[in-house]
Amino acid sequence: MCRAHAAVRGFVSEMVARPARERDLIIDMEAGLEHLSRGTGKDVTRLLAAIEPYYRSMETARRVAVLARELGIHNVSAVANKLRDDGDREAVREFCRAHDLELIAEIPYDAGLLEAERAGSTPLDYNPASPAMVEVQRLADRLVGEGSSH
């Protein structure tokens, strides 16, 4: 196993060993299946698969969900990203319905994210009221609310 995966897996395992009130952890992993197949997510209780309105992205999200469930992560949801129009939204929604993926958020394409990047700023600091940031905040509120009900 490469050092990066071993380090992340060790960190996550250490965090999971902490008391419940101290262990909410969000990890943004690179797209694909490698981190799951190497056991990096072995202690994960919820997985969010980002899904863009393109075949390869949707297929990768489907495969991530299948592998996650095989590894014992049964709470798998999709977060649609970079949606430009109703056609994109419907394509992702239909794909999620067809593959039993719960779609919990729809983040619109937002040129402001590119502007923030060019300015060397985080999107939240650059414009917290941008369409994408508003939806990300809704997702965060939902996840925090779900976490506090456990």
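Residue check: is N75 within 13 Å of the chain's Cα centre (by Cα), surrounded by fewer than 19 Cβ atoms within 10 Å (Cβ to Cβ) and without any contact (Cβ under 8 Å) to a residue 60 or more places away in the chain? Taking the combined requirement at face value, the residue satisfies it.
For every residue, the table says whether it meets (1) open to solvent by less than 40 Å² (accessible area, probe 1.4 Å); (2) within 17 Å of the chain's Cα centre (by Cα).
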{"position": "R63", "(1), (2)": "no, yes"}
{"position": "L67", "(1), (2)": "yes, yes"}
{"position": "L101", "(1), (2)": "yes, yes"}
{"position": "E115", "(1), (2)": "no, no"}
{"position": "R118", "(1), (2)": "no, no"}
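Quick check on my filter: what residues within segment 124-150 are more than 17 Å from the chain's Cα centre (by Cα) and either closer than 21 Å to A78 by Cα or surrounded by fewer than 13 Cβ atoms within 10 Å (Cβ to Cβ) (or both)? D125, P128, A129, P131, S148, S149, H150, listed by residue number.
The values are calculated or read from the model by the stated rules, or taken from the named source; none is laboratory data. All figures in this text were calculated on a predicted structure; none of them were measured in a lab. Here the Cβ is made from the backbone with ideal geometry for all residues, glycine too, and neighbour counts use every protein chain on show. With ligands, DNA and RNA removed, areas are computed over all heavy atoms of the protein, side chains included. Shrake-Rupley method; radii C 1.70, N 1.55, O 1.52, S 1.80 Å.
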